[in-house]
Structure formats: C-alpha cells, structure tokens
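Okay, so here's the structure we're looking at.
The numbers here are math on the coordinates, done by the rules we state, and not lab data. Being a predicted model, the structure only gives us computed values, none of them experimental. No Cβ is skipped: glycine too gets one built from the backbone with ideal geometry, and neighbour counts run over all protein chains shown.
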Amino acid sequence: MNLSSVESLAYSLPELILVFATVGILMLDLLITRKRILGELALCACGGAALASALLAGAEQGYLFNQMVALDGFAIFFKLFLSLSAFAAVYMSLGSRELDNEHPGEYYTLLLAAATGTFYMASATNLLMAYLALEFVSLTSYVLTGFIRASRRGSEAALKYLIYGGVASGAMVYGMSLIFGLAGSLDYATIGERLLVPSEANGPILFIAVLLVLAGFGYKISMVPFHMWSPDVYQGAPLPVTAYLSVGSKAAGFAMMIRFFYVALSHAGAGGVWATIEGLEWPNLIVLGSIITMTLGNLAALRQDNVKRLLAYSSIAHAGYILMGFVVLSDAGLRAMLFYIATYYLMNLGAFTVLMMVLNNSDREDMEAFRGLAWRGGALPAAAMAVFMFSLAGVPPFAGFIGKFYLFAAVIDKEMWMLAIVAALNSVVSLYYYARIVRTMYLDQPLKSDPVMTTDWHSGAFAGVLAVGTIVFGVYWRPLIDLADKSLVFFRG
Amino acid sequence: MSLWAIGAVKSLLVLVFVLQLSAFLLWIERKGSALIQNRIGANRANIFGVVPFNLGFLNTLVADPIKMFTKEDFIPAGCDRFLHALAPFMALFPALITFAAIPFGDSIVLGGETVELRVVDLDVGLLYILAMVSMGVYGAVIAGWASNNRWALLGSIRGSAQMISYELAMGLALVSVVLSYGTLDMQDMVHAQGRTVLGFLPAWGVFFQPVAFIIIFVAGMAESKRVPFDIPEAESELIAGYFTEYSGGKQASFMLADFAEVVVVAGLVTTLFFGGWQFPWLAADGFHLPLMGTIEVSALVVTLLQLMAFSLKVLFFCWLQILVRWTVPRFRYDQLMDLGWKGMLPIALANVVFTAALILARGEGS
Amino acid sequence: MEEFSLSVAAFYFMAGLTLLGAGGVVFTENIVYSALSLMVSFFGVAGLYIFLNADFVAGVQVLVYVGGVLVLTLFAVMLTHQIAEIEVSNKSVGRVPALLICGGLFLVIAKALRGAEFFTTPGGQVSESSTYGIGNLLLREYILPFELASVVLLAVLVGAVVLSRKEVIAPDGTPVPERETIPLTEGQRVMSSPRAALAGAAAKQKVSDV
C-alpha cells in the first residue's frame, strides 16, 4: 500500500491528535486562567495518541504520504511507546514543583511538538523527512532544556545542547547529502537497492558519509564520543524534561537509527539474519562505540554525587548496552533492543519519578537528599527506588535483568565474546553506584535536619505503577517479548 | 543586432529612466510640498541671470547634484571607513536593479528579432523584485552601524525592524496576486490585464485584488522609508537617522536611493494592478473601443502609446506617494508596528485564504 | 581539465565567491564583517542555483537568506551590547590541533570524493521554469515535510518567545512577569499609552492614600 497525502490522513491519527493538541493548547492558553487544564489536555492528547497508535496495529502495512513515512509494525511499536513517554513526561510535569508558574501553555505546546517530532523520527523512510523530524525534536528540546529562565544551569545546558546539536546535525546533513549523491534518491528502500551493487570507487566516501550520519544519531542517543552534552543537559533541564530526553527522544533516535541502518544500509537474509551492503562494515564501528559508551558511562557515574547527573551517565551506559543488540545484525538483536527500550522506560522513568518526589520535597537532588529516606516517611518511594535501581543494574528478578539477558543472548549467539565480556564487567561496575543509592536510603540514618518525606498521591501512584511493571515484566515477560517480535516488520515497498 | 547590444541598450534605457525620474521627483517634491504648504518653493534657478523666467527644475537636475557632489565628503572619526563608504552603494544598488524585471512595453520586432521591452526575461520576476526589495535594508543597517553614532545606529535598528515587518505583509499580498494571475512572470501578468471585462472595463489587477493593492502600496511606501514611515530617519528624534554622518555625494546617493525606491514602488504597483504598459482598449492592431468599433493603428504608434501609458502611470503613482508624504504625519514606532503586524499582516493572510478559496470554488485550480 | 568556456568560468567564479564569503565568516574578527561575508557567500550560492537553472530556488535563496535571515542576524548583533568589541579571553583555544584535525578530515574527504562515482540521472530537457515543478512537488510528493516544517517553525517561534522573555527574580525568589519589570518613566508611559498612564496615576494615588 502506497498512499498519497489525503488518503494517508486516515492512518496518521496519532500525529493529528498531537498536532491539534499542540495548536489547541497554545490558543487555549490565551483564553483560560486555570492553567492546569492545559496540562490535563496535553495528558489526554498523549493518551489519545497512544490509543490511536494501538488501533493502527491491525492496519495494512505500507507507505504514507508518497513514501515519506512507513506504517509498519516497527513504526507502530515506537508510536505507542513514544506516546507513552510523552504521557509520562506530561504527567510528571503536572506533579513537578519546579515547573509551577512557568508558562504552562508554551511548555506543553513545546512538549507535544517534540512528541510529534519523535513520531516522525520513528516512521520516516526518507532522508529529508528523517532529518526534518530529528531537527524538530532537537529544536524543541533545546528550548525545553532552558525553559526555566531563572535557572542559570538550565540556560547554560540549553546553550551547550544547542551548540553540540548544531555541529552534530550539520555533520549529519552533510553525510546525508553524500549518500543522496551516491544513491540518487532520498528514499531508504531505493538507497538500499542502489547501494547494494558493490563499488570499489565509492567504498571510502560511503564509509565517510555513514560516519557523518552516525554523528547525528550518536548525538541523539548519546553515544560516545557524541555524548558530551548529556550530563550537563540532564542535570540542567527541568526534571520531567530530563526524563523525557532520556526515554522518549533517545528511543526515537534508536528507532531512526535502526530504520536507517537496517533498511537503507543492509538487507534481510533468511532466518532473521541481516547482512550489510558489501564493503561497508558499519557493525565493527558500532561495536567499538558500544564498548566505549557503556564503559565510559559507568566509570563516570561512579564518582557522581548528584543523582540527576548520575542518572545521566547511567543513561549513557544504557545506550551502550542497547547498541549491543544493534551490532549483531539479527532479528534476535533487534527484538532484544525493543524489549530493552521498553523495560528501560519503566525503570528509568521510575527512578526519575522518585527523584522528582525527593526534589519536590527537599529542593535537592544530590545523594544526601536520599539519606535515610526509608526511615523518614518515605518507605514506599524508597522501596520503589530500590526496585528501579536493581533493575537498572540488571539484577533478577526485575525487568532489567530480562532485557540484558536477551541482549547478551543475541551477542553470544553471534560469538562476539569480547563485547559480551565487557558488557558483563560493566554490569558489575554499575551495580556499585546503583546500590550506593539504595544503601543511602536504607543503611544511612537520617539527620535531624533532613525533612520528613511527604508524598503526593499521583506521583506515588505513578512510581508504584512503574515499579509493579518492572517486577511483573521481570517475572512474566512473554507478552512484551512477543510484542517486540511482532513489531519487527519493516515495510520496504 | 546582437543580443548583447540590445541588452545593453535596454539596461541603459531603464537606468536612465529611473535616475532621471528620481531627480525629477526631487523637483516635484520640492514644488509640490511648497504648493501644499502654501509657499513658493524652489524658484532661484537661472543661467547667469540671462533667462527671463525661472528654470525651476534645473534646480534639481543640475544645481542640486553639483552642489551635493562638490561638498566635502566628511568621514567621522572612529567610524568603519570601509563600511561607511560601502553603505551608500548598498542602498542604491538594489533600488536601481529592481526595475530590471518590470516590463515597460510589449515585445517588438526589431530587425527581424523579437525584443522584449524589459531588461531581463525572468520567469520568476516577482520573486526577483521581492528579493531585491528585501535587500534595501542593508544600506540603512550598514550605514547606521558604520557611522559610530548613536542616532544613526538607532535609525538603522528601527529601519531593519520596519522593513522586515512590512516585507511580510507585502510578500503575503503578493502571494494572493500570484494566485490570481497564476504566474510569477511580470510580462504574463501585464498580458493578462489586456483583456476587458463586461465589455468595457480593462481587466486591471486592482479590480480583482483591491485589498492586495492597498497593502502592497502601503508596504511599498514603508519599504522606501519615507513619511509617514520615515521613523528610521525621523529628523525630529534622530537628527537624520541612519545617514546622520553622511554628507556630499554619499548623502546624495541615499536620497537618490529613496527616490529610486519610490519609482520602483510605482512601477510595481502599475505593473501588478494598473495594467502595466497596457493602454486601455489598445491591442496590438489598434484600439478596440467598446460600442464604437475598431480603430487601426500602426505598430510603431502602438509601442509608443504603450511606453507613454507606462510612464504616465508610473509618474502618477510617484506623485501620489509624494502627495501622501506631505499630507500625513509620521507614525510613532508602536503605531507603525501595530499597523504592520496586527493590521496588514492578518488582512493580507485573510486575503490569501479568500483568494485561494475563490479559485478553488471556481474550479480553476487543477 | 574541462574545456574552458564562459559557463565553466562562471561556475568557478560563483564557487569562489561562496568559498571566499564562507572563509570571511570564519576568519574575520569583527562580527559585522562576518555577517557581510555571509551575505557574499549566500549570493555565491544563489549564483550556483542560477547556474543549475534553478531560478526559483535562487530567488528564494536571496529573499529568505539575504533579505530575511541575515538582516535578523545583523539586527540581533546590533541589539546585543558591544558584541562587536567583545574580547575573547582565551585566544589559544587549540588552533593548531583544530587545524590539523580539520585539515586531515578535509584531505581524507577530498581523497575519497575524487574517486567516487556519483549517481547521475540521464540528462533530459531542462524545463523553462522550475516554479511549476517545485510548486507541484511541494504540494504533492513533499506535502508532509512541507507541513511538518511549518509545525517546526511554529514550535521554534514559541520557543524563541519563551527564551527571550524577560524575567526578573524578586527578592523572595518568585519570578516577576515582564510587564511589571520595565521601569517606564512617566513621560514614556504617557507617550506609549495615555490610558494606562492614567490608570497608573490613579493606582499611585490610592497607594499614597493608604
């Protein structure tokens, strides 16, 4: 199925909901005085988008808007996931004290706009569309990062983000132009077909082009050496925005990267095994990237005292883990990636939610804010945090362990021992700093000066849901892995 | 005759036309303002006192330029000498080359070759004009910055803000014009205005796009930075705005650029809305008068009539702008911005939507 | 070496102009000169478009970049305090390594490009005007990127307003909305809005009554 513009509208309900909500909130902001309604509206829009994405699951696969975007299992999986990420971000924003009195109309407008961009990142099958969507998400993210004007750290982070982002996307668009020059088309499937013919002369320039494009993707998913922005930005941005960047925009980056590398630069063989186009060994490059990313992320996280910054480094490390599934060139690896991204959603958002509750309570986000949390009224948040931390570290019986298990299985199946050993060592290292938070919460006694932890019910409920999810998928993960399996459908004409 | 020669002749012709008209306008302006303000105005031009009557326009055609260009070219201390010298050219250049895309007559056959009566045959003529008009800002901006003078800098900041703001309304109004003509080629637009509607009315653009006409005319006046839109120079607030620190020939260039812009706006409005070089009811073979039948006219006369029609129309709109200039007081900055952003921009946008809907409803869009 | 002709010369002239302008942007110390060099570069690019028979794109290039983006840049430069005279405190920000890396990258890319065989479409008849073609492509095949770009611009516009709003922190730590922070003199207030000035005077009267 290859639909033209008007026919495609029926299949882009999630995006339409988000765009209309974006514009609607902007206008409604002028009319109403109870600004909380805006956030609730944004929440409904994200929920609606999730529902609409789920409803698309039964639809016929195909191209929409004259081959600009694809409607396939992969896209629908990510649309569902991304609308849930946006939902979580909006939900957290509603509960965050940081963002009180901070122009909610513009804030939710930008947040929903970013969500729209991530949708197109996940489904774009055209270089132009992909670049536009990536820029869309980046531009809105810069503003969201510096949204609290009074925060100097936020403004600094926004500027750093902007500069790194500008350089990365400049490199990326240059790489894309080279690829366009070599293939004569912007369409992924056509590029894949035309580059399939091995060419001695074009090998080097194709490699350089892919390297340049990788800079853009690497920046989005915070892969070393394009990760430099992320600690500062994660620390400086408002917490719900940080949570969204670490889950939503990162997942969209992975989705875009998978589609580009698998559809345009590889071809599927029998039995769920993929092969790169001849003469372009990008997996070796990314294996290196994966190893360095997880090692650097984990080592840097060891020394952090600020929990937000610690989670930033942990997020870099997790990007490294997820890349393990990327380099094995098999359906098993991709399935493990999707599964891991989904579980990462649960545990990472959970950690951020608890951090936000602590931040709301004490206006602090460093390790000391967690001191003896369990013994001063915060038993439930502390328990939830412990679940998330152990899950992030990959300890059974939590979802993070299952995710890592699938990733390791895919890597070992390909006999990439080096990568597997490094990743295993990294998991051990990461346990140190995750466990340190748990130790601070339980084994350290609170000081007299530490405030009593009070919890508002909706943040608590959200953390609770995420914690239950983390545990349930750690024990009964069948449905999720089946979903990931079913979603490995790339429409390529 | 080679193409190069024809091109050169055409370019020279248009350049001279614009320059002469600009100088002539200066005289009209001085005399016109005198008329409006109930005084006599420039009346001291004579050649060694031997001519028994006043040679009014010699003032501006000869005396003023001589005076201007023999004055000291003063360059203030601390200014950026290169940019200070560059700015007058940046102001004059776009104003002069904008006219290149405006046709001043139908194509004629000359020595077996068809010659279009315009300097360049541009398919995207309107876009070219808009692009060149948008470049007019640079003269003001650079002049103000290079002068190392607060008033001048303030003037150039105001100028850039004003021109950017009005360009938007102008661009949107042009969109609706393009929608109704279905082309960006100025010559095609003029040809389209050669028809008659209802048997007698010339199919001039103004009857189809009256709103766009008003917006483009007003925005055009704002682009030329003249009263009532002269806040970039506002002599009662900023001395002389962005050219405070200019004297002699450079200042003359700024004045010339201003008048050239007046001519360009008049040419643009004439071409888009008042039939360009079309003489009412005159076709290539003669007059087709309503109710009175056809009068045959030779091709040479037709061409001359067209040239005359174009010149007269342009002159009329130049005069209208001068009339406005001496009738309306200067806007205040906030009034200016309100008019641009809250008044003209929404109206222009609504006009685009309305035009598009109309075209769609009549089934003309394919 | 290609055969020398006028069009080849024109191409090299335009390309040279583009590169010269781009170099000027990077290497001049004065930011206004940088902006003007950028203009030269934009014109070079517009010339290259004309060279490729893309007159519409060339027109838009001048209209949007020279007439819009760059003017706004200059506008921002002038509004920013003393941006032209700013002293870069750290002059030795690793110029030599940067030069080595960039030069190396340039050489590698140039080497790779020399051998590359780019995809070429069979040369067809170049149409008279590209305007119709572009219009059709934008509103048919590329309608989605076209519309998405408008949403991007809207979001960026909102973002720019958000980031540039003025906000001052009151002593008790709460941000004060902008309209209360601009200190207007009485004269200015009368100038900008006589009615507001009257209201303000009335309010002051009340305060002093209390």
With contacts defined as alpha carbon pairs under 8 Å and 6 or more residues apart, what's the relative contact order of the stretch A:50-93 in percent?
40 percent
Computed from the beta carbon distance with a Förster radius of 51 Å, FRET efficiency for C:PHE51 and B:ILE359 to the nearest 0.05 stands at 0.90
Positive-end residue, chain A charge dipole about Cα centroid, Cβ charges, pick of A:CYS44, A:SER141, A:LEU310:
A:LEU310
With point charges of +1 on the Cβ of Lys and Arg and -1 on the Cβ of Asp and Glu, referenced to the Cα centre of chain B, which listed residue (B:LEU315, B:CYS79, B:ALA219) lies farthest in the positive direction of the dipole?
B:CYS79
Quick check on the exposure proxy: order B:LYS313, B:LYS71 from fewest to most C-beta atoms within 10 angstrom.
B:LYS71, B:LYS313
Candidate lysines - alpha carbon under 19 Å from B:LYS225, same-chain residues fewer than 8 apart omitted:
B:LYS250
Which entries in A:LYS160/A:LYS448; A:LYS220/C:LYS111; A:LYS35/A:LYS308 show an alpha-carbon gap greater than 32 Å?
A:LYS160/A:LYS448
The residues B:ASP285, A:ASP366, B:ASP64, B:ASP106, sorted from fewest to most surrounding Cβ atoms within 10 Å, come out as B:ASP285, A:ASP366, B:ASP64, B:ASP106
Relative contact order, percent, of chain A when contacts are C-alpha pairs under 8 Å separated by at least 6 residues?
15 percent
Let me spell out the model: positive unit charges on the Cβ of Lys and Arg, negative unit charges on the Cβ of Asp and Glu, origin at the Cα centre of the stretch B:220-322. What dipole size does that give, in debye rounded to 20?
260 debye
Theoretical ellipticity at 222 nm over chain B - DSSP helices of four or more residues, -39500 (n - 2.57) apiece, nearest 500
-19500 deg cm²/dmol
Measuring from its Cα centre, chain B shows a charge dipole (+1 at each Lys and Arg Cβ, -1 at each Asp and Glu Cβ) which, in debye to the nearest 20, is 900 debye
Quantify how strongly other chains surround peptide B:122-133 by giving the mean number of their Cβ atoms within 10 Å of each of its Cβ atoms.
5
With the dipole of the stretch A:341-493 defined by +1 on each Lys or Arg Cβ and -1 on each Asp or Glu Cβ, the option from A:LEU407, A:MET389, A:ALA379 whose Cα lies farthest towards the positive pole is A:LEU407
Inter-centroid distance (Cα atoms) of the stretch A:209-225 relative to the stretch C:1-64, Å:
30 Å
Taking a point 7 angstrom from the Cα of B:VAL324 along the C-beta vector, which residues in the stretch B:209-249 have backbone N less than 16 Å away?
B:210-232
Inter-part gap, Cα centre of the stretch B:171-233 to Cα centre of the stretch A:249-318, in whole angstrom, is 57 Å
Measuring from centroid to centroid over Cα atoms, what is the spacing of the stretch A:8-76 and the stretch C:98-115 in Å?
44 Å
Quick calc, A:ARG97 & A:GLN445: beta-carbon distance into FRET formula, R0 30 Å, rounding 0.05, result 0.65
Value of relative contact order over the stretch A:281-493, rounded to a whole percent, pairs C-alpha under 8 Å and six or more apart
29 percent
Per residue of the stretch A:203-220, in order, report the coupling 6.51 cos²θ - 1.76 cosθ + 1.60 (Karplus, θ = phi - 60°) as ³J(HN,Hα) in whole Hz, putting x for Gly and Pro.
x, x, 6, 5, 4, 4, 4, 5, 4, 5, 5, 4, 4, x, 5, x, 5, 5
Which of A:LEU239, B:LEU289, B:LEU26 has the fewest other C-beta atoms within 10 Å, and how do the rest follow up to the most?
B:LEU289, B:LEU26, A:LEU239
For every helix of n ≥ 4 consecutive DSSP H residues, a contribution of -39,500 (n - 2.57) applies; sum these over chain A, divide by its total residues, and give [θ] at 222 nm rounded to the nearest 500 deg cm²/dmol.
-23500 deg cm²/dmol
Nearest-20 debye value, the protein assembly as shown charge dipole, Cβ charges on Lys, Arg, Asp, Glu:
2120 debye
Run down the lysines and flag those whose C-alpha is under 24 Å from the C-alpha of B:LYS10, throwing out any fewer than 8 positions away in its chain.
B:LYS313
